[in-house]
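Below: the structure, in structure tokens.
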Amino acid sequence: MKLERVLQYAQTLLKASIQEGDIAVDATAGNGHDTLFLANLVGDSGYVYAFDVQKQAVDATLNRLLDNALEHRALVLKDGHENVAKYVTKPVGAAIFNLGYLPGSDHSVITKPNTTTQAIESLLTLLKIGGMIILVIYHGHEGGKEERDEVIQFVSNLPQKYIHVLRYEFLNQKNDPPFIIALEKVKELPVSE
Ligand code: SAH
């Protein structure tokens, strides 16, 4: 057998956690590849919410959906993923994050530890049982290591009774390759006061 590459494995996890009719979230739309992938998985009875703070990413994502005639299955929002709960109110089947900067764009616009963990927290509440949050952690860029460490710290402290936390990583690759953190919700979280 072959071990799945990181990006391939992220898609395998999305496929396994999303059923037709589900709500899915692309927390970092970027060039729109994952938004399109999710739009295919949710079917006509499902829906995708895609977030990005850059106009270039929102436009690229909308165009990709239009090219594939799937624009009716997604809402592309020019807003931060930390505001996910303003838009998404129904249970979510899966969410994906690709951290870091958009290749080919302004390298100073990057995802940030505070807003990333805020978004994860909101999505954990929105997630249905059996739902999954997948984080592709890029950490080679300036600011990447700080974000990586804060995200790891945050997810390592999630209570195991409610959330299963997986790390999938090739340990002998050079140049800070991305790795995956996957969060599976196994039980409804206690309501915080
Ligand atoms: N590093 C990945 C791509 C990451 S793209 C790769 O190499 O393939 C990350 C996207 O997140 C960028 O398009 C950026 O604009 C977006 N982003 C940054 N902060 C955000 C936020 N708070 N909410 C939503 N998207 C954000």
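The values are calculated or read from the model by the stated rules, or taken from the named source; none is laboratory data. Fair warning: this is a prediction, and the values are worked out from it, not measured in the lab. Methodologically, a virtual Cβ is constructed for each residue, glycine included, from the backbone with ideal geometry; neighbour enumeration extends over all protein chains shown. Heavy atoms of the whole protein, side chains included, go into the accessibility calculation; ligands, DNA and RNA do not. Shrake-Rupley method; radii C 1.70, N 1.55, O 1.52, S 1.80 Å.
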Please report the carbon-and-sulfur percent of the accessible area for the stretch 8-163; probe 1.4 Å, protein heavy atoms only, DNA, RNA and ligands left out. 48
What list of ³J(HN,Hα) couplings, whole Hz, do you get for the stretch 44-57 from phi and the Karplus terms 6.51, -1.76, 1.60, once you set θ to phi - 60° and write x for glycine and proline? 6, 8, x, 7, 10, 10, 10, 10, 7, 8, 9, 4, 4, 6
In order over the stretch 5-11: 3J(HN,Hα) from phi, Karplus 6.51/-1.76/1.60, θ = phi - 60°, whole Hz, x for each Gly or Pro, gives 5, 4, 5, 5, 5, 4, 5
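Quick one: accessible area per residue over the chain, 1.4 Å probe, rounded to a whole number of Å²? Could the numbers behind the result be given before it?
Details: 10080 Å² over 193 residues.
With all protein chains present, the chain gives 52 Å² per residue.
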Label the stretch 8-163 by shape, choosing from rounded, prolate and oblate, from the square roots a ≥ b ≥ c of the eigenvalues of the Cα gyration tensor; if a/c is under 1.5 it is rounded, and otherwise prolate applies when a/b is larger than b/c, oblate when it is not. oblate
Which FRET efficiency value, to the nearest 0.05, is calculated for His107 and Val186 with the Förster distance at 41 angstrom and r the Cβ-Cβ distance? 0.65
Per the helix-only model, the chain has a calculated mean residue ellipticity at 222 nm (DSSP H runs of ≥4, -39500 (n - 2.57) each, divided over all residues, rounded to the nearest 500) of -10500 deg cm²/dmol
Spin-label pair Thr89/Glu20, simplified geometry with 7 Å Cα→Cβ offset, distance in nm: 2.8
Row for the stretch 77-191, column shape: gyration tensor on C-alpha, a ≥ b ≥ c, rounded if a/c < 1.5 i.e. under 1.5, prolate if a/b over b/c, else oblate; value oblate
Amide H of Ala94 versus every other amide H placed in the peptide plane: which residues, excluding those fewer than 5 positions away on the same chain, fall under 5 Å? Val25, Met132
Simple spin-label estimate for Thr115 and Tyr168 in nanometres, 7 Å along Cα-Cβ: 2.7
Can you list the residues, at least 5 places off or on another chain, whose amide H is less than 5 Å from the amide H of Ile163, using H built in the peptide plane? Val186
Treating only the Cβ of Lys, Arg, Asp and Glu as charged (+1, +1, -1, -1), what charge dipole size does the stretch 34-186 show about its Cα centre? Round to the nearest 20 debye. 420
